[in-house]
Amino acid sequence: MRADIRERRRTGRRMPDGREPLSHVRLRAGRELTVVNLSASGALVEGTTRLLPGTHVDVHVVTRHGRVLVRSRIVRAYVWGVQADMVRYRGALAFERLVDTAAAGYAIPDVLLDAVASPGPLYPSSSVADDQLLDTALSA
């Protein structure tokens, strides 16, 4: 390999965490695609929807500012996996405009996500005396 190979991408890429909204995008037709990596100018997506290079698609992207509909061009696409009942495709989408793809909020440590929630205190059992006090207060 040559040492003078330069980065050609316009913006840096990142892999979204599976828990953030940017880990999935939805085509305008309703099909959902999993985001493999993304940047402000595009995304590499995967799904069972056949993607055709050179075509345009409208993609719903959920950013930290809300849902955005972005016109995109499929730059390249290929078969990623074949099973007996399913074909998975990967495709590179080039957004027609820059999209804010920064991670939203704070990362939650896995230790906290995996922790079992402790049950809260139980309601006190009602006694006959409490029921009589309530009946007296309501009838007054």
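The values are calculated or read from the model by the stated rules, or taken from the named source; none is laboratory data. None of the values given here were measured: they were computed from a predicted structure. Don't worry about glycine lacking a Cβ; one is built from the backbone with ideal geometry, like all the others, and counts go over all protein chains shown.
Figure legend. Inter-residue proximity from region 11-34: first residues within 13 Å of THR101 (Cβ to Cβ), second residues assigned to a loop (DSSP other than H, G, I, E, B) and among the polar types (S, T, N, Q), beta-carbon distance below 9 Å, spacing 6+ or different chains. Indicated pairs: THR11/SER41; THR11/THR101; ARG14/THR101; PRO16/THR101; LEU22/THR101. In region 44-70, the residue that is surrounded by the most Cβ atoms within 10 Å (Cβ to Cβ) out of those that are polar (S, T, N, Q) and out of contact with any helix residue (DSSP H, G or I) (no Cβ under 9 Å at 6 or more places or on another chain) is THR49. Residues in region 71-87 that are of a type outside the set (A, V, I, L, M, F, W, C) and either surrounded by 15 or more Cβ atoms within 10 Å (Cβ to Cβ) or in contact (Cβ under 8 Å) with a residue 40 or more places away in the chain (or both): SER72, ARG73.
Could you please find all residues in region 35-50 being without any contact (Cβ under 8 Å) to a residue 40 or more places away in the chain and among the charged types (D, E, K, R)? Write out each step before concluding.
So the first thing to find is which residues in region 35-50 are without any contact (Cβ under 8 Å) to a residue 40 or more places away in the chain, and the list is 35, 37, 50.
Once the filter is applied, which keeps residues that are without any contact (Cβ under 8 Å) to a residue 40 or more places away in the chain and among the charged types (D, E, K, R), region 35-50 yields only ARG50.
Is it true that PRO53 is in contact (Cβ under 8 Å) with a residue 60 or more places away in the chain and touching a strand residue (DSSP E or B) at 6+ places or on another chain (Cβ under 7 Å)? Criteria not met by PRO53. In region 11-32, of all residues being modelled with pLDDT of 90 or more and among the charged types (D, E, K, R), the one that is surrounded by the most Cβ atoms within 10 Å (Cβ to Cβ) corresponds to ARG26.
Quick grid of which residues meet (1) more than 15 Å from PRO16 (Cα to Cα); (2) under 20 Å from the mean Cα position of the chain (by Cα); (3) of a type in the set (Lys, Arg):
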residue	(1), (2), (3)
LEU38	no, yes, no
GLY42	no, yes, no
THR48	yes, yes, no
VAL62	no, yes, no
LEU69	yes, yes, no
SER72	yes, yes, no
ALA77	yes, no, no
TRP80	yes, no, no
